[in-house]
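**Q** Dropping the structure in here first, questions after.
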């Protein structure tokens, strides 16, 4: 696989308490997604957060990895539905840290037995760069499946 590089541009105006920022992807896939501290720690009010973007990145990466593993095992998926929840919490002496990623996977895969699915899911987690990154940082990655 070739080296992959992607860029996002972020603008921030004001202080942390009352300021707000805008996120845009260089590709144009998303532009000017709003984020702020009040909407990060409170009600989102239609804005995103770094944690939500990480959840999307981890969930998307795991879905692609699982599709690959299932296909390699001879069971290409009909449909995968992945939900990812990133958990940030206070860690003593370290401030707020990402401490977990809870992933739920629903799969529609014809003629797939539970043992093969469990193998594919374990391989997908092992080969997902975002799972690896989170685990190396000390975060717990939990994956449940149906």
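The values are calculated or read from the model by the stated rules, or taken from the named source; none is laboratory data. Just so we're clear, the structure is a prediction, and the values are computed from it rather than from any experiment. No Cβ is skipped: glycine too gets one built from the backbone with ideal geometry, and neighbour counts run over all protein chains shown.
**Q** Residue 46 - would you say it is out of contact with any helix residue (DSSP H, G or I) (no Cβ under 7 Å at 6 or more places or on another chain) and in a loop (DSSP other than H, G, I, E, B)?
**A** Numbers: out of contact with any helix residue (DSSP H, G or I) (no Cβ under 7 Å at 6 or more places or on another chain): yes; in a loop (DSSP other than H, G, I, E, B): yes.
Spelling it out, residue 46 is indeed out of contact with any helix residue (DSSP H, G or I) (no Cβ under 7 Å at 6 or more places or on another chain) and in a loop (DSSP other than H, G, I, E, B).
**Q** Next question. Among the numbered conditions (1) in contact with a helix residue (DSSP H, G or I) (Cβ under 6 Å, 6 or more places away or on another chain); (2) not assigned by TED's automatic domain parsing to the domain that holds residue 115, tell me where residue 15 comes up short.
**A** Going through the list (1) in contact with a helix residue (DSSP H, G or I) (Cβ under 6 Å, 6 or more places away or on another chain); (2) not assigned by TED's automatic domain parsing to the domain that holds residue 115, residue 15 breaks only (1).
**Q** Does any residue of segment 105-117 turn out to be touching a strand residue (DSSP E or B) at 6+ places or on another chain (Cβ under 6 Å), closer than 20 Å to residue 132 by Cβ and either surrounded by 15 or more Cβ atoms within 10 Å (Cβ to Cβ) or not assigned by TED's automatic domain parsing to the domain that holds residue 138 (or both)? I'd like the intermediate steps shown before the answer.
**A** To start, the set of residues in segment 105-117 that are touching a strand residue (DSSP E or B) at 6+ places or on another chain (Cβ under 6 Å) comprises 105-108.
Add one more test, that the residue is closer than 20 Å to residue 132 by Cβ, and what stays is 105.
Keeping just the survivors that are either surrounded by 15 or more Cβ atoms within 10 Å (Cβ to Cβ) or not assigned by TED's automatic domain parsing to the domain that holds residue 138 (or both) gives 105.
Within segment 105-117, one or more residues are touching a strand residue (DSSP E or B) at 6+ places or on another chain (Cβ under 6 Å), closer than 20 Å to residue 132 by Cβ and either surrounded by 15 or more Cβ atoms within 10 Å (Cβ to Cβ) or not assigned by TED's automatic domain parsing to the domain that holds residue 138 (or both).
**Q** Using the structure shown, decide if residue 72 is surrounded by fewer than 17 Cβ atoms within 10 Å (Cβ to Cβ) and touching a residue at least 24 places away in the same chain (Cβ under 8 Å).
**A** On the way: surrounded by fewer than 17 Cβ atoms within 10 Å (Cβ to Cβ): yes; touching a residue at least 24 places away in the same chain (Cβ under 8 Å): no.
Considered against the rule, which asks whether it is surrounded by fewer than 17 Cβ atoms within 10 Å (Cβ to Cβ) and touching a residue at least 24 places away in the same chain (Cβ under 8 Å), residue 72 comes out as no.
**Q** Checking the condition surrounded by 13 or more Cβ atoms within 10 Å (Cβ to Cβ) and either touching a strand residue (DSSP E or B) at 6+ places or on another chain (Cβ under 6 Å) or modelled with pLDDT of 95 or more (or both), which residue from 139, 122 passes?
**A** Only one candidate qualifies: 139.
**Q** So residue 12 fits all but one of (1) surrounded by 10 or more Cβ atoms within 10 Å (Cβ to Cβ); (2) modelled with pLDDT under 95; what number is the exception?
**A** All conditions pass for residue 12, except number (2).
**Q** Another one. State the number of residues belonging to segment 49-83 that are under 30 Å from residue 112 (Cβ atoms), in a loop (DSSP other than H, G, I, E, B) and touching a helix residue (DSSP H, G or I) at 6+ places or on another chain (Cβ under 8 Å). Outline the logic, then answer.
**A** We begin by selecting, within segment 49-83, every residue under 30 Å from residue 112 (Cβ atoms); these are 54-83.
Still in the list and also in a loop (DSSP other than H, G, I, E, B): 73-78.
Narrowing further to those that are touching a helix residue (DSSP H, G or I) at 6+ places or on another chain (Cβ under 8 Å): 73, 75-77.
Residues that pass the stated criteria total 4.
**Q** How many residues does segment 23-56 contain that are surrounded by fewer than 16 Cβ atoms within 10 Å (Cβ to Cβ) and under 17 Å from residue 6 (Cα atoms)?
**A** The total comes to 10.
**Q** I'd like the full set of residues that are over 16 Å from residue 71 (Cα atoms) and in a strand (DSSP E or B), limited to segment 107-146.
**A** Result: 140, 141, 142, 143, 144, 145.
**Q** Considering (1) under 15 Å from residue 56 (Cα atoms); (2) touching a helix residue (DSSP H, G or I) at 6+ places or on another chain (Cβ under 6 Å), say which one residue 133 fails and leave the rest.
**A** Result: residue 133 fails condition (2) only.
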